[in-house]
Amino acid sequence: SVSLRPWSRTGVRRTCVQRQWAVSGSPEGDPGRGRGPPPLGAPLPIFRWEQIRQHDLPGDKWLVIERRVYDISRWAQRHPGGSRLIGHHGAEDATDAFHAFHQDLHFVRKFLKPLLIGELAPEEPSQDGAQNAQLIEDFRALRQAAEDMKLFEADTTFFALLLGHILAMELLAWLIIYLLGPGWVSSILAALILAISQAQCWCLQHDLGHASIFTKSRWNHVAQQFVMGQLKGFSAHWWNFRHFQHHAKPNIFHKDPDVTVAPVFLLGESSVEYGKKKRRYLPYNHQHLYFFLIGPPLLTLVNFEVENLAYMLVCMQWTDLLWAASFYSRFFLSYSPFYGATGTLLLFVAVRVLESHWFVWITQMNHIPKEIGHEKHRDWASSQLAATCNVEPSLFIDWFSGHLNFQIEHHLFPTMPRHNYRRVAPLVKAFCAKHGLHYEVKPFLTALVDIIGSLKKSGDIWLDAYLHQ
């Protein structure tokens, strides 16, 4: 998914500040605040959900993993996935999210030990709220079945061929200009090939960002920096910061940056809210029309370029900045001899606009038509299924979309290599059928049309609330 939200310098800076929250002392009436790990060998303190629910504040965050209670207040800023990602699970059972995001659980548990402060009382359910315990148990059995089938193991040949065909397209585009000259026909053909290459780079770096290719997280990250930086000119850290939040809480306002797009676009529950409050910054009843002007053509060319650069500078991601600089150096050195500086810039703009259309349509077809609103504290499987849908598979659609047509499987198992989505899909369908969860699959063109339909529906809801409240 993608956000069209205007970049905020203050917001970016805030995400990079490494605050060390001073959580000390134990205010009267709250014996849990500031609690450190129990002494070695001492019995673990017992907590109830009503106590845990009190610790979902900035600088005061607890969460539950496998019935054990952890105080992440001070450590959250050092979390490799970002403080927001782990903080979004404050005062919740984060067991399934923990399993979904991490490959080597034995390694990660070492970081949890110093944060352990207690465990749930024996009579307390593992999940807070009215969640279906049998559904959660069955989903964990489903994940175990996928692990037993070795569906989390990557086929390195598959991904090597993906990288190879990207590099081949980059070379082919240059050879077309070199052999045929910078005419209109050759330039258009080269721009199309480069746009396809860039689109496929999005997919490959996405796989690497989810650590679904190599067994070592470090190898995935280094490879992602190469693909995202050298082949695309973007920051891997910036992408992961945004995208992991999306996976943790898809389609949840203020937790998923991809749907926190007001006041430019109104989605889901925000339509009613803006209408009731008589807010009219833009003609939202026509947002399905101005979407064509500021959505697909400009996302990667304007919003992503600005936000990405700001993130690298404000967060001081100098390695990512060097990787991005290497992309622009290579691109301009490759094409300036044929077009000059101005012509090369125009070629770059053309490629970005073309890939931007691909990016917006492919990523939004699975999410915008689904439920979008505020936090409802669902279990992992239900929250992912409420926010995602699939598109009918074919060899072409699988390749063209980077297997994002299997969005349900991807969201349930984000570290699973994409070539295994087809194999796990029947198990997911059976799980959904058993528990009455909607497993939605659409034709490709229907999914694209539904983007516009959902924008129009939200705009109409806003107008109705605006006029009649």
**Asked** Share of the chain's accessible area from carbon and sulfur, percent, 1.4 Å?
**Response** 64 percent
**Prompt:** Given R₀ = 41 Å, FRET efficiency for Leu167-Phe292 by Cβ-Cβ distance, to 0.05?
**Reply:** 0.80
**Request:** Measure out, as a whole number of angstrom, how far apart the alpha-carbon centroids of the stretch 157-211 and the stretch 259-293 sit.
**Result:** 36 Å
**Item:** Loop-located trypsin sites (Lys or Arg not before Pro) in the stretch 302-393, at most 12 other Cβ atoms within 10 Å (DSSP)
**Value:** Lys376
**Request:** Can you tell me the alpha carbon radius of gyration of the stretch 206-276 divided by the globular rule-of-thumb value 2.2 N^0.38 Å?
**Result:** 1.42
**Request:** Just read off the accessible area of Val108 with the full protein assembly in place, 1.4 Å probe, to the nearest 10 Å².
**Result:** 30 Å²
**Share antiparallel - DSSP beta bridges, the chain, percent rounded to 5** = 60 percent
**Message:** Principal axis extents for the stretch 219-339, Cα atoms only, whole Å, descending order, please.
**Reply:** 54, 37, 22
**Item:** Förster radius 25 Å - calculated FRET efficiency between Arg218 and Trp318, Cβ distance, rounded to 0.05
**Value:** 0.85
**Complete:** Computed on Cα atoms, the radius of gyration and Dmax of the stretch 322-447 in angstrom are 19.4, 62
**Asked** Under a point-charge model restricted to the Cβ atoms of Lys and Arg (+1) and Asp and Glu (-1), what is the dipole moment magnitude of the chain relative to its Cα centre, in debye to the nearest 20?
**Response** 940 debye
**Prompt:** Looking only at Cα atoms, what is the convex hull volume of the stretch 101-245 per residue, in Å³?
**Reply:** 172 Å³
**Asked** Along the charge dipole of the stretch 132-468, Cβ charges K/R +1 and D/E -1, which of Ile136, Gln205, Ser326 sits furthest on the positive end?
**Response** Ile136
**Prompt:** By DSSP, what percent of the beta bridges with both residues in the stretch 41-129 are antiparallel, rounded to the nearest 5?
**Reply:** 75 percent
**Asked** Considering every Cα-Cα pair within the stretch 41-129, what fraction, in whole percent, is farther apart than 14 Å?
**Response** 62 percent
**Message:** Starting from 0.36 nm per residue, how many nanometres of slack lie between Lys113 and Glu137 once their C-alpha separation is accounted for?
**Reply:** 6.2 nm
**Item:** Distance in nm between pseudo-label sites at Ala430 and Phe396 (7 Å out along the Cβ direction from Cα)
**Value:** 3.3 nm
**Complete:** Scoring only Lys, Arg, Asp and Glu (+1, +1, -1, -1) among other residues with Cβ under 11 Å from the Cβ of Phe158 yields -1
**Request:** State the Kirkwood hydrodynamic radius of the stretch 129-188 in Å, one decimal place, computed from all pairs of distinct Cα atoms.
**Result:** 16.0 Å
**Prompt:** What's the Cα-based Rg to Rh of the chain, Rh via Kirkwood?
**Reply:** 0.98
**Request:** For the chain, return all DSSP H helices satisfying: extent of Cα atoms along own axis at least 20 Å; mean Kyte-Doolittle hydropathy at least -1.0.
**Result:** 133-148, 156-180, 184-209, 318-364, 421-435, 444-468
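The values are calculated or read from the model by the stated rules, or taken from the named source; none is laboratory data. Quick caveat, the model's predicted, so the values are computed rather than measured. For neighbour counting, all protein chains shown are included, and Cβ atoms are generated from backbone atoms with ideal geometry for every residue, glycine included. All accessible areas refer to the heavy atoms of the entire protein, side chains included, with ligands and DNA or RNA removed. Shrake-Rupley method; radii C 1.70, N 1.55, O 1.52, S 1.80 Å.
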